[in-house]
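Notes for the one structure printed next.
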Amino acid sequence: MTMQSATAPPPSPAVLGDQPPPPSSAEPTARGITLGGRHLASRYFLAPLAGYTHLAFRRVIREMGGVGLCTTDLVQASHLVSGTRWARELVQTHSTDTPLTVQIYGGEVRHMVAAARWLEDHGYQAIDINMGCPMAKITGSGGGARLMCNGDGACQLVGEVVRAVRLPVSVKMRLGWDRSRLTAPLLAEEFEQLGVCAITIHGRTRQQGFTGNVCLEGIRAVVEAVKSIPVVGNGDVRTVADALRMRRETGCAAVAIGRGALMDPWIFRRIALAEEGDPQGAEFTPSPAEQTSFLRRHFELMVEQHGEFLSCRNFRKFAAWYGARLGIPEDLEDRLRQFESVAEFAAIADQIEERHGTRLEPLPTALIRTPNGPVEYW
Ligand SMILES: Cc1cc2nc3c(=O)[nH]c(=O)nc-3n(C[C@H](O)[C@H](O)[C@H](O)COP(=O)(O)O)c2cc1C
């Protein structure tokens, strides 16, 4: 089985399973959008969340419906090419994991170009350049948000990646490094001329980290700076109303949702129902059985990829995000943080189904986990 590509690639070692392509999920619809030559059925995308938006999560969230595009976690360009196990695992995909964009990062042009070529040669569909990550281990080597401080360097890097491949290339960035350097509109204008197919803009500066509110005017300034490429608005979308407001107030063509999808895996379906004119769509509530089956399915897909030992460990960090939203009683959420085997998970899931909704704690806000403390020390 091969992955979709303009260049008839060789069979990809990164593809898990051997199933036919999914039914017409990439068919254009009135609500869809064309981005870099790809027709996406919805304008609402999953934003990358390193450590969470791995293959299993992307597959299960797609199964819930309404997602137009998923992007992998950021992958270090040089590691992808040299073939470290971790980098290759991050780009592992599946025939149902489409449409997909792979996000790469790095401060050196030659690494980014080599990674882009590697992705093209291995049949991937599209490339996104990370220009928003605030973490020191990424910015320290000149990648992530650091690129936004060096306009010439950023343009050289983007231009060379675009020229190196036939795949569509997009950029995801923040408003700028800090309040005094809001470089996003200028960079977006330049990147459009260099041939990028879209810009995703998280409406915060690097200095803000994840604090404060997302700045919709800042996103709007990027929308106004480009001529015709789609701008994808991003940041703090937790509800259908937030998503519609993002589009209305910024004029963005599409919206990327990250943490909101972890807290509410049905957010894309709710948006799709609302856009189809279903007045109850925004209120859609999955049944307790559906909620538990989401949990089981996510874990099952993890085990399929990583086996029992690693999946038990990796799934534990989802407990905090899923706990209150999926009606999981506190003691069972605690057990989800510690379980050791597939059998134990199955027993916990059975109990969650039986005792669904008996949780005492209200919806948490503190469980929206992000790096904290002064951004200088991240
Ligand atoms: C834990 C975590 C991991 C993230 N990883 C990435 C990443 O790999 N690539 C990226 O471009 N952005 C990453 N982001 C930023 C998100 O994609 C998004 O821009 C940000 O969280 C704001 O959107 P949201 O409020 O919808 O989550 C990450 C954010 C968080 C909280």
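Determine the pairs where a residue that is among the charged types (D, E, K, R), located within the stretch 45-72, has a partner that is within 13 Å of the ligand (Cβ to nearest atom) and at pLDDT 95 or above with Cβ atoms under 6 Å apart, the partner being 6 or more residues away or on another chain.
Close Cβ pairs satisfying both conditions: R58/C70.
Can you give me the ranges of the strands (runs of 3 or more DSSP E) entirely in the stretch 33-124 with at least 1 residues that are in contact with a helix residue (DSSP H, G or I) (Cβ under 8 Å, 6 or more places away or on another chain) and aromatic (F, W, Y)?
Per the criteria, 44-46, 100-105.
Is it fair to say A272 is modelled with pLDDT under 95 and assigned by TED's automatic domain parsing to the domain that holds A188?
Spelling it out, A272 is indeed modelled with pLDDT under 95 and assigned by TED's automatic domain parsing to the domain that holds A188.
Considering L46, L69, L55, which residue is under 18 Å from P265 (Cβ atoms), modelled with pLDDT of 95 or more and out of contact with any Lys or Arg (no Cβ under 9 Å at 6 or more places or on another chain)?
Step by step, each of L46, L69, L55 is checked, and only L55 is under 18 Å from P265 (Cβ atoms), modelled with pLDDT of 95 or more and out of contact with any Lys or Arg (no Cβ under 9 Å at 6 or more places or on another chain).
Any residue in the stretch 239-264 that's within 13 Å of the ligand (Cβ to nearest atom): show its pairings with residues that are among the polar types (S, T, N, Q) at Cβ separation under 6 Å, as long as the two are six or more apart or on different chains.
Note: pairs meeting the criteria are A256/T200; A256/N234.
Give just the number: which of (1) in contact with a Ser or Thr (Cβ under 9 Å, 6 or more places away or on another chain); (2) buried (at least 18 other Cβ atoms within 10 Å of the Cβ); (3) within 19 Å of L55 (Cα to Cα) does E308 not satisfy?
(2)
Would a scan of the stretch 175-184 turn up a residue that is assigned to a helix (DSSP H, G or I) and either buried (at least 20 other Cβ atoms within 10 Å of the Cβ) or free of Cβ contacts under 8 Å to residues at least 24 places away in the same chain (or both)?
The answer is yes, given that some residue of the stretch 175-184 is assigned to a helix (DSSP H, G or I) and either buried (at least 20 other Cβ atoms within 10 Å of the Cβ) or free of Cβ contacts under 8 Å to residues at least 24 places away in the same chain (or both).
Would you pick out the residues in the stretch 219-238 that are of a type outside the set (D, E), more than 13 Å from the ligand (Cβ to nearest atom) and surrounded by fewer than 23 Cβ atoms within 10 Å (Cβ to Cβ)?
R220, A221, V223, A225, V226, K227, S228, I229, P230, listed by residue number.
Suppose the filter is surrounded by fewer than 24 Cβ atoms within 10 Å (Cβ to Cβ), of a type outside the set (G, A, S) and in contact (Cβ under 8 Å) with a residue 60 or more places away in the chain; does H39 pass it?
Considered against the rule, which asks whether it is surrounded by fewer than 24 Cβ atoms within 10 Å (Cβ to Cβ), of a type outside the set (G, A, S) and in contact (Cβ under 8 Å) with a residue 60 or more places away in the chain, H39 comes out as no.
Report whether or not I199 is within 14 Å of the ligand (Cβ to nearest atom), among the β-branched types (V, I, T) and in a helix (DSSP H, G or I).
For I199, the condition - within 14 Å of the ligand (Cβ to nearest atom), among the β-branched types (V, I, T) and in a helix (DSSP H, G or I) - is not met.
Being touching a residue at least 12 places away in the same chain (Cβ under 8 Å) and small (G, A, S) is the filter here; which residues of the stretch 319-345 pass it?
Within the stretch 319-345, A319, A320, G323, A324, G327, S341 qualify.
Conditions tested, residue by residue: (1) under 16 Å from D178 (Cα atoms); (2) aliphatic (A, V, I, L, M); (3) out of contact with any strand residue (DSSP E or B) (no Cβ under 9 Å at 6 or more places or on another chain).
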{"position": "A116", "(1), (2), (3)": "no, yes, no"}
{"position": "E120", "(1), (2), (3)": "no, no, no"}
{"position": "Y124", "(1), (2), (3)": "no, no, no"}
{"position": "D128", "(1), (2), (3)": "no, no, no"}
{"position": "M135", "(1), (2), (3)": "yes, yes, yes"}
{"position": "T139", "(1), (2), (3)": "yes, no, yes"}
{"position": "A145", "(1), (2), (3)": "yes, yes, no"}
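All but one of (1) in contact with a His (Cβ under 7 Å, 6 or more places away or on another chain); (2) at pLDDT 90 or above hold for R313; state the number of the condition that does not hold.
Going through the list (1) in contact with a His (Cβ under 7 Å, 6 or more places away or on another chain); (2) at pLDDT 90 or above, R313 breaks only (1).
Restricting attention to the stretch 126-174, and to residues there that are among the hydrophobic types (A, V, I, L, M, F, W, C), away from the ligand (no atom under 11 Å from the Cβ) and in a loop (DSSP other than H, G, I, E, B), which single residue is surrounded by the fewest Cβ atoms within 10 Å (Cβ to Cβ)?
V165
The values are calculated or read from the model by the stated rules, or taken from the named source; none is laboratory data. Since we're looking at a predicted model, the values are computed, not measured. Every residue, glycine among them, receives a Cβ derived from its backbone with ideal geometry; neighbour counts consider all protein chains shown.
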